[in-house]
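All remarks here apply to the structure that follows.
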Amino acid sequence: MNTASHQLRCTECATVISRDEATSNFRCPLCNGLYEVIYPWTSVTKDTTANLPNPSALRWLWQERRTSTMAIDQSGVWRFRDLLPILDDFNQAVTLREGNTPLYDLPRCAKVAGIDWLLAKHQGMNPTGSFKDTGMTTALSVAKQRGFEWVACASTGNTSAAMAAYAARAGLRSIVFIPEGKIAWGKLSQSMDYGSLTIQLKTDFDGCVRILGELVKQFPIYLLNSVNPYRLEGQKTPAFEIVEQLDWQVPEHIIVPGGNLANSAALGKGFTEMYQLGLIPRRPKVSIIQAEGANPLYRWFIDSNRVMKPMTAETRATAIRIGNPASWRKAAVTIDDLGGWCEQVSEQEIALAKAEIGAEGVGCEPASAVTLAGLKKLVKLGKVQREERAVLILTGHTLKDSQYTIDYHRDALFTDEERAQLSPEDVARHAALRKPPIVLDAEPDVVLRTLEAHMSLPQPV
Ligand code: F0G
């Protein structure tokens, strides 16, 4: 398979171009739409017997590569390179051995959500602590292959951390634009540590995107935001891993957080390609969950006229604090095509879900916790049935935003107004989950008395 095997197709007007014709902002010059990477298998149906990769051979090959000592085989993205023919030479791939992330079961979270079996695909277990690594290895490898010296992104923190790391590995120079004061410290520290030129703009994420869009038109900088279709090629691979980890069974539901709205589309693309190649007999529903204060897709979803209205976003889940999502149409098509829903969740619901995921010994960042909070609502609405299998996509590691976690456990997260909105059951639930650090005198008696008091308390569900 070589690069002639892929082209770019506008997701709005369907114009197909070669890989070399893409403009610096990855927008279609005819209609401003975004591109997607297409392959010989993109337009076939499951039943077409064209000269396509063989499902059984692929399954065997992907498994076999896990025992190899080659870097591209050890990568949980490039292990699937047969469905990613985007590089001239795969040995030039820039990899930190991303992917191969765990699929955990969450029995206690399943119980609070009201279903029998709940799984979490923990993309926070990637090298820089978020799902962005899977897309950065592909798009940055393309940047390197095309001879770019500079790469850049606007970010709420995770894309920038991933880009900085992969650029450093490749020996490329990187520029990060982040909204000043509105990203978690863990993420900001990463782009500095990996040697990026870090620029904090006095605006929000959407403002950063605007500025960067102008810059890439004037300087030879390779844009690594998720409008770059090669990002989605890497981000589709967790779909392959999920079914592989389930012994090629397909779960009924995938629940994804929604911010700039590329990841949900990438996962949908992964499932669709597997279906087209006959690797799976059906596709799961993909549902997208947004924070109430950053919910443009939810508003589109419930609007009878289906109009997307950009908004000013506000949420403590800073990763998804996005009011004008670039890939909203791709996400909308994913919901419609695979048959999922869109839900919104409050700040209190996000905090509770995050504590519940943490209490299972798994943990995640606030933006990832919207998935559990959203699942609870989908179960109540009857969209997810008790016996159906759901997979939460946990997008970021809990250490990304430790300040949020500390504030939560010290009961310093909510405003008085937010506290007043909690039901008595929720107040009790939060109280049972909170584990603030206890400061004691270094006296055995004092420590013993405190332990006795705590050991007599019941374990929260
Ligand atoms: N979860 C986390 C932890 C994220 O960092 C992001 C996006 C999302 C979910 C949403 O994914 O944008 O594809 O819908 N973070 C971007 C960034 C915007 O700059 O790191 P999406």
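The values are calculated or read from the model by the stated rules, or taken from the named source; none is laboratory data. Since the model is a prediction, treat every value here as computed from it, not as a measurement. When we count neighbours, we look across all protein chains shown, and the Cβ atoms used for this are built from the backbone with ideal geometry, even at glycine.
Values as computed for the structure displayed
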| quantity | calculated |
| --- | --- |
| Residues located in segment 364-388, provided they are surrounded by 21 or more Cβ atoms within 10 Å (Cβ to Cβ) and not in a helix (DSSP H, G or I) | CYS364, GLU365, VAL384 |
| Helices (runs of 4 or more DSSP H) wholly inside segment 149-264 containing at least 2 residues that are within 21 Å of the chain's Cα centre (by Cα), within 14 Å of the ligand (Cβ to nearest atom) and hydroxyl-bearing (Ser, Thr, Tyr) | 158-170 |
| Residue within segment 79-91 that is in a helix (DSSP H, G or I) and over 25 Å from the mean Cα position of the chain (by Cα) present | yes |
| Any hit, segment 173-191, residues being in contact with a helix residue (DSSP H, G or I) (Cβ under 8 Å, 6 or more places away or on another chain), in contact (Cβ under 8 Å) with a residue 40 or more places away in the chain, surrounded by fewer than 19 Cβ atoms within 10 Å (Cβ to Cβ) and basic (Lys, Arg) | yes |
| Out of LEU378, LEU394, sole residue that is in contact (Cβ under 8 Å) with a residue 24 or more places away in the chain and within 10 Å of the ligand (Cβ to nearest atom) | LEU394 |
| Residue satisfying all of: in segment 130-148; more than 9 Å from the ligand (Cβ to nearest atom) and small (Gly, Ala, Ser); surrounded by the fewest Cβ atoms within 10 Å (Cβ to Cβ) among these | GLY147 |
| Lone unmet requirement of (1) on the phi > 0 side of the Ramachandran plot; (2) touching a helix residue (DSSP H, G or I) at 6+ places or on another chain (Cβ under 7 Å) for GLY382 | (2) |
| Total residues in segment 66-78, condition without any contact (Cβ under 8 Å) to a residue 40 or more places away in the chain and assigned to a loop (DSSP other than H, G, I, E, B) | 3 |
| Pairs where the first residue, in segment 312-323, is farther than 13 Å from GLY258 by Cα and the second is aromatic (Phe, Trp, Tyr) and more than 11 Å from the ligand (Cβ to nearest atom), C-beta under 7 Å, 6+ apart | ARG316/TYR404 |
| Count of segment 265-286 residues which are in a helix (DSSP H, G or I) and either within 14 Å of the ligand (Cβ to nearest atom) or out of contact with any helix residue (DSSP H, G or I) (no Cβ under 8 Å at 6 or more places or on another chain) (or both) | 8 |
| Residue list for segment 310-333, filter: within 11 Å of the ligand (Cβ to nearest atom), part of a helix (DSSP H, G or I) and not small (Gly, Ala, Ser) | THR318, ILE320, TRP328, LYS330 |
| Residues located in segment 1-48, provided they are small (Gly, Ala, Ser), at pLDDT 95 or above and touching a Lys or Arg at 6+ places or on another chain (Cβ under 9 Å) | GLY33 |
| Which numbered condition ILE289 fails, given (1) under 19 Å from the mean Cα position of the chain (by Cα); (2) within 16 Å of the ligand (Cβ to nearest atom); (3) part of a loop (DSSP other than H, G, I, E, B) | (3) |
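Per-residue answers, yes or no, for (1) touching an Asp or Glu at 6+ places or on another chain (Cβ under 8 Å); (2) in a helix (DSSP H, G or I):
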position	(1), (2)
ASN51	no, no
GLU64	no, yes
GLY135	yes, yes
SER141	no, yes
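To keep it simple, each residue is scored yes or no on (1) modelled with pLDDT of 95 or more; (2) among the charged types (D, E, K, R); (3) closer than 18 Å to ILE183 by Cα.
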position: GLY363; (1), (2), (3): yes, no, no
position: VAL370; (1), (2), (3): yes, no, yes
position: VAL391; (1), (2), (3): yes, no, no
position: ARG429; (1), (2), (3): yes, yes, no
